[in-house]
Amino acid sequence: MMDRFSGGTPEGREQVISQEPIGRMGQPEEIANAVVWPCSDASSFTVGHALVVDGGQTV
């Protein structure tokens, strides 16, 4: 997927990463943690929340 956005070059990859407000790309584990959390007891008091996991792109 990154090749699609970056053109498959190291320079293109750096260009894409430089546009991330957090300064890096998200890791698969970070996305997975966000998916698993609503299914866990830790979110038992959360109701009707849209959880955005995008490194700050939509802030």
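General observations
- Take the Cα of Thr46, step 7 Å toward its Cβ, do the same at Asn33, and the gap between the two points is 1.2 nm.
- Sites listed here are trypsin sites (Lys or Arg not before Pro) in the chain whose DSSP assignment is loop and whose Cβ has at most 14 other Cβ atoms within 10 Å: Arg24.
Since every read-out is calculated from the coordinates, none of them should be taken as a lab result. Remember, it's a predicted structure, so these values are computed and weren't measured experimentally. Cβ atoms come from the backbone with ideal geometry, glycine included; neighbour counts cover every protein chain shown.
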